[in-house]
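The values are calculated or read from the model by the stated rules, or taken from the named source; none is laboratory data. Source: prediction; values computed, not measured. A quick note on method: Cβ atoms are made from the backbone with ideal geometry, for glycine too, and the neighbour counts reach across all protein chains shown. Ligands, DNA and RNA are excluded from the accessible area calculation, which covers all protein heavy atoms including side chains. Shrake-Rupley method; radii C 1.70, N 1.55, O 1.52, S 1.80 Å.
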Amino acid sequence: MAPVGKLYSVPRMRQTQVIKSVAAIGGLELEDVADYKHFEDNKKPEFLAKFPHGKIPALEGPNGFTLTEGTAIARYLASLAPNANLLGTSLEEQALVEQWRHFADSEIAFSSTITYLMLNGAFPYNKATHNTLIERQIRALNTLEAHLLTRTFVVGERITIADLEVAAAVLVAVMFTIDAEARLKLANTIRHLETIVNQPKLKDIFGEIEYVEKAVQYVPPKKEAKPAPAAPKEKKEKEKPKKEDDDEEDDGNLVPEEPKVKNPLDLLPKSSLNLEDWKRAYSNKDTRGPDGALEWFYANFDKEGFSVWRVDFKYNEELTLVFMSSNQIGGFFNRLEASRKYLFGSVGVLGEPNASIISGVLILRGQEVKAVVDCAPDWESYEYKKLDLDSEADKKFFESALAWDLEIDGKAWKDGKNFK
C-alpha cells in the first residue's frame, strides 16, 4: 500500500499520537518525517510554501494536498479507512464521536495546556487562574467518569476516534495535573485510558504512562539573597531653618532627581558584530553548510566585543517531562527580556523524560556573563562556562548547540528554544 501522506510532527505531541493511532488502527501507511526539526524546519521557505502558518502537525498528501490542525488530519485519515468504523457506524454515533472529540480538546486538554504554559513561565503566573483551570478540568473528568461507569468505550462497542482523543488528553493530565489523590475518584477514566493506550497497535505510539504522584505546582524563580540594608547615618548638621517665604509647592523640587544610570554594556567600545544581523542570519539560513549561519558568524564574530558561553541547568534531577523542561527554558528566556539587545541563546533539553538535562550556548555582549544575565531572577540556577572557539571541543559544542544536534553523555537533543 502506498503511503497516504507525509506527517511533519514531534512524537510526544498529543495530536501526533492521535493521528498515528488512527493510521495504525485503520491499516494506513503514514510516512513519518523523522528528521523534522521544529522551530527550524517550519520556518524554512519550502515548508511555509506548503503550510503558510508554519504549524504542526502537518500532513502532505499525494497530488499536492496539504492539511494542518491535528483534529482535521485525524478525521481525514479515519475517513480513508471506513472499515475501521473510527467515525461511528450511524449518523447518531458520528455526532456523538464529534461531541466527545471536542469535549476532550476544549474541556480536558485545554486546561492542561494553559496550566503547564503558565507554570513554566510562558506568561505570568496567576493563582486564581490556575485554580479555575484545575477546577474546570476536574469537572470535565467527573463528567467523563460518570459516562464511562457503564461503558468500555466512549461511543458504541468498539474503539472510535473519540476514544483516541479522550485517552490522549487524559494521558497528559495524569502526567501533570491529575495526581494520585485525584485519580482515586477517577477509576473508570483510568481504566479507559489504560485500555486504549495498551492496545497492541497503539502501545509504542503512546508509550508508558508516567503518572504524576503530586500535581505540579508553581515554584517562584530562585532569587539571590540580598544583604540587609545598612542603618542610616545620623545627620550631624542641624537642618537649616525653613525660609518663611517657601511655599509647599516648592518643597517637592528641593531634592534633585537622580540621573538615570546607563547600562555599562552600552559604554563598551563599538563592536563590528551587529547582533541583530546575526539573529536574522541564524533565522533565515541553514545552520551548517555553505553560506550557512555558522559561516556567517565566523566571518563576522568580534571576539573582543562579544563572548560565547556554555550554559547548564544546575538542578537536572528536578526535570521530568521534556515539554515541561522546554517550557522552563522559555520562562528563563522571558525573564532575560531586559537584555535582548545584548544576547542570543540556543538552549535545549537533552535526554528522555525523567532522565534529561538542560544545556546550550549564549552569545553575549562583553566578556562577563553576569552583566547580561543577572536581570533574570533565576540566573544563578544555571552554570556558565566561557567557550574558546579556537578549541576544537568548544567549537564542536557551540556548533552542535546552534544546529540542535548536541549530544552530551549519550543524551540527544529532544527540544529547545532560541533567544532572539
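Percent antiparallel among DSSP beta bridges with both residues in region 1-143, to the nearest 5? Intermediate values should be presented prior to the final figure.
On the way: 6 of 8 bridges.
Percent antiparallel among DSSP bridges in region 1-143 is about 75.
So what is the orientation-averaged projected area of the chain, using the convex hull of its C-alpha atoms, in nm²?
Its average projected convex-hull area is 30.4 nm².
Express the accessible area of the chain per residue in Å², computed with a 1.4 Å probe while the remaining protein chains stay in the model. Show your work: numbers first, answer last.
Values: 23380 Å² over 420 residues.
Per-residue accessible area for the chain comes out at 56 Å².
Calculate one ³J(HN,Hα) per residue across region 324-332 by plugging θ = phi - 60° into the Karplus curve 6.51 cos²θ - 1.76 cosθ + 1.60, and present them in order as whole Hz with x for glycine and proline.
5, 5, 5, 6, 5, 4, x, x, 4
Tell me the carbon and sulfur percent of the accessible area for region 273-406, rounded to whole percent, probe radius 1.4 Å. It would help to have the intermediate numbers written out before the result.
Values: 2600 of 5620 Å².
Result for region 273-406: 46 percent of the exposed heavy-atom area is carbon or sulfur.
Could you check how much of the accessible area of region 114-230 is carbon and sulfur, as a whole percent, using a 1.4 Å probe?
Working: 3530 of 6320 Å².
Its accessible area is 56 percent carbon and sulfur atoms.
Is there a pair in 43/414; 386/411; 314/386; 55/414; 214/417; 43/285 whose C-alpha atoms are over 20 Å apart, and which pairs would that be?
Working: 43/414 18 Å; 386/411 22 Å; 314/386 16 Å; 55/414 18 Å; 214/417 27 Å; 43/285 10 Å.
Cα-Cα > 20 Å for 386/411; 214/417; rest within.
Given the peptides 122-133, 7-18, 366-377, 157-168, arrange them by the average over their residues of other C-beta atoms within 10 Å, most packed first. It would help to have the intermediate numbers written out before the result.
On the way: 122-133: 12.5, 7-18: 20.4, 366-377: 17.2, 157-168: 24.6.
Going by the mean number of other Cβ atoms within 10 Å, highest first, we get 157-168, 7-18, 366-377, 122-133.
Pop out the ³J(HN,Hα) list for region 374-389 in order, Karplus 6.51 cos²θ - 1.76 cosθ + 1.60 with θ = phi - 60°, rounded to Hz; leave Gly and Pro as x.
Once rounded to whole Hz, the list reads 6, 6, 8, x, 9, 4, 7, 7, 10, 9, 10, 9, 5, 9, 9, 6.
Could you sort 171-180, 83-92 so that the peptide with the highest average Cβ count within 10 Å comes first and the rest follow in order? It would help to have the intermediate numbers written out before the result.
Numbers: 171-180: 21.1, 83-92: 15.0.
With the highest mean Cβ count within 10 Å placed first, the list reads 171-180, 83-92.
Take the alpha-carbon centre of region 287-309, take the same for region 152-171, and report the distance between them in whole Å.
50
Amide H of residue 306: which non-local residues (sequence gap of 5 or more, or other chain) have their own amide H closer than 5 Å, using H built in the peptide plane?
366
Please work out the Kirkwood hydrodynamic radius for region 294-420, using every pair of different C-alpha atoms, and report it in angstroms with one decimal place.
Numbers: mean 1/r = 0.0682 Å⁻¹.
Taking the inverse mean of 1/r over all distinct Cα pairs, region 294-420 comes out at 14.7 Å.
With both bridge residues required to lie in the chain, what share of the DSSP beta bridges run antiparallel, to the nearest 5%?
About 95 percent, rounded to the nearest 5.
Magnitude of the Cβ-charge dipole of the chain, K/R +1 and D/E -1, about the Cα centre, nearest 20 debye? Working shown, then result.
Numbers: 55 positive and 67 negative charges, 82 e Å.
In debye, rounded to 20, the chain gives about 400.
Under a point spin-label approximation (7 Å from Cα along Cα-to-Cβ), what is the residue 49-residue 102 distance to one decimal in nm?
3.8
From Cα pairs below 8 angstrom and at least 6 apart in sequence, can you work out the relative contact order of the chain, rounded to a whole percent?
On the way: 598 pairs, mean separation 55.6, N = 420.
Relative contact order, the chain: 13 percent.
Quick one: which residues, 5+ away or cross-chain, put their amide H under 5 Å from the amide H of residue 66? H built at 1.01 Å from N.
61
So, in Å, what gap is there between the alpha-carbon centers of region 366-420 and region 65-92?
Region 366-420 and region 65-92 have Cα centres spaced 44 Å from each other.
What is the set of long-range amide H partners of residue 416 at a cut-off below 5 Å, with H atoms built 1.01 Å from backbone N?
Long-range HN contacts for residue 416: 349.
Once every DSSP H run of n ≥ 4 in the chain is given -39500 (n - 2.57) and the sum is divided by its residues, what mean residue ellipticity at 222 nm do you get, rounded to the nearest 500 deg cm²/dmol?
Working: 16 runs with 157 residues, N = 420.
The per-residue figure over the chain is -11000 deg cm²/dmol.
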